[in-house]
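Visitor: The structure follows.
What follows draws every value from the coordinates through simple rules; no lab data is involved. If you're wondering where the values come from, they're calculated on a predicted model, not measured in any experiment. All Cβ positions, even for glycine, are placed from backbone atoms using ideal geometry, and neighbour counts span all protein chains on display.
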Amino acid sequence: MPTLRPSLAVVLLTLFTTVAQGQSGNTMKEEWQAYSESLNRGATQGEIWRYGWSGVYAVSLGINAYEASEAEDNDDRFDARVGTVKSALALGGTLLDVQPHVPARRELAEFRETGDLTEARQLMQRVAAEERERRAWQARLDSLIVNTLGGLAIGLGDDRPGDGALSFATGMLVSELQIRTQPTQAGSALNRFQPARLTLGGVSLDYHYAWTMTPNRVGIDIRY
């Protein structure tokens with residue numbers, strides 16, 4: 001009887017290892033594929049985001065620049081001058097802002113050639129961390145400063161507090177939409193694989209698992 005528990009542990013661990021080895025090759029291929037596809041989607045969405053918002057700000061800049069000199073009302077001309085400055089700053093910032101998925105895609109291709117999956121995972125973690133930073137409250141500081149100054153210029157400088165508050169709120173709303181429309185592909189790809197540890201007796205095995213769901217089955221992929 002004293003030898004039953006260790007023997008059972010060894011049998012179960014051997015069975016588990018055999019199953020994991022059978023799935024390991026396919027799972028690694030799927031992991032590479034998931035990372036590659038997520039960065040490709042992120043790069044595509046990032047370029048659409050970059051040039052799309054650049055186009056929005058370029059149009060806004062053109063309209064404001066025209067209204068700054070051609071509007072009939074003095075208040076409208078003043079507002080347009082403030083809008084011109086805000087649009088120019090936003091346009092410059094957006095054009096210079098390259099999403100992390102574009103350079104990360106090139107790095108992933110290099111890691112895939114060498115088969116270095118560990119470096120690939122670390123790369124995806126870095127990209128996912130930058131995705132989170134781009135949505136953190138610190139990412140709103142620049143727009144908060146610009147829109148606050150613009151609102152104060154209208155509200156206090158031109159003695160129209162209501163219009164100044166409206167300018168501030170509108171600018172922050174547009175900025176929030178810009179932040180929230182950025183791609184978040186790396187985080188989704190990493191969430192497929194979660195670390196875990198199996199301990200039987202005195203033997204431990206570190207592995208990663210990922211739930212797979214299809215219309216006709218639910219399963220789990222394991223790699224170690």
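Visitor: For the pair residue 141 and residue 28, what calculated FRET efficiency results from E = 1/(1 + (r/R0)^6), where r is the Cβ-Cβ distance and R0 = 45 Å, to the nearest 0.05?
Guide: Computed FRET efficiency for residue 28 and residue 141 comes out at 0.65.
Visitor: Extension gain residue 118-residue 198, at 0.36 nm per residue separation less the Cα-Cα distance, in nm?
Guide: Working it through step by step, the gained length comes to 26.8 nm.
Visitor: Right, here's the next one. Taking the Cα atoms of the range 83-191, report the difference between the largest and smallest coordinate on each principal axis, in whole Å and largest first.
Guide: Sorted largest first, the three principal extents are 64, 24, 16 Å.
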